[in-house]
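Report on the structure given below.
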Amino acid sequence: MKLEPEHRAFLAALLANLPCESLRRLRLLVRVDTVLRRHRDLVRRRHASASRPLRPS
């Protein structure tokens, strides 16, 4: 099942108000490789911005 971006946003809005203990009991709607890919992308972007040379003002 592939979720469209608007469906993901709707689910995120619904889950935002749930208490943490309820969220821990929920099952994930994403595959593990999706989480790992997003994490890799986040680390890549963070590293790229941190290693960019500083420009003189």
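Read-outs throughout are calculated quantities, based only on the coordinates presented, and are distinct from any laboratory measurement. Since this is a predicted model, take the numbers as computed values, not measurements. Positions of Cβ are generated from backbone atoms using ideal geometry, with glycine treated the same way; all protein chains shown enter the neighbour counts.
Compute the long axis of helix 5-15 from its Cα atoms, compare it with the longest principal axis of the Cα atoms of the chain, and write down the angle in degrees, 0 to 90, nearest 10.
Helix 5-15 sits roughly 70 degrees off the main axis of the chain.
For a quick check of your reading of the filter: which trypsin sites (Lys or Arg not before Pro) in the chain sit in a DSSP loop and have no more than 14 other Cβ atoms within 10 Å? Walk me through the numbers before you get to the answer.
On the way: sites: 2, 8, 24, 25, 27, 31, 37, 38, 40, 44, 45, 46; in loops: 2, 27, 31.
Answer by residue number: 2, 27, 31.
Would you compute, from DSSP H runs of 4+ residues alone, the mean residue ellipticity of the chain at 222 nm, taking -39500 (n - 2.57) per run and dividing by the full residue count, rounded to the nearest 500?
Values: 3 runs with 36 residues, N = 57.
After summing the helix terms and dividing by residue count, I get -19500 deg cm²/dmol.
Hey, what angle do you get for helix 32-50 against the long axis of the chain, alpha-carbon based, 0 to 90 degrees rounded to 10?
Tilt of helix 32-50: around 30 degrees.
Work out the charge dipole of region 5-50 with +1 on the Cβ of Lys and Arg and -1 on the Cβ of Asp and Glu about the Cα centre, then indicate which of 19, 9, 29 is farthest towards its positive end.
29
For region 5-50, would you read off the P(r) tail past 11 Å as a percentage of all alpha carbon pairs?
Counting pairs separated by more than 11 Å, the tail of P(r) holds 75 percent.
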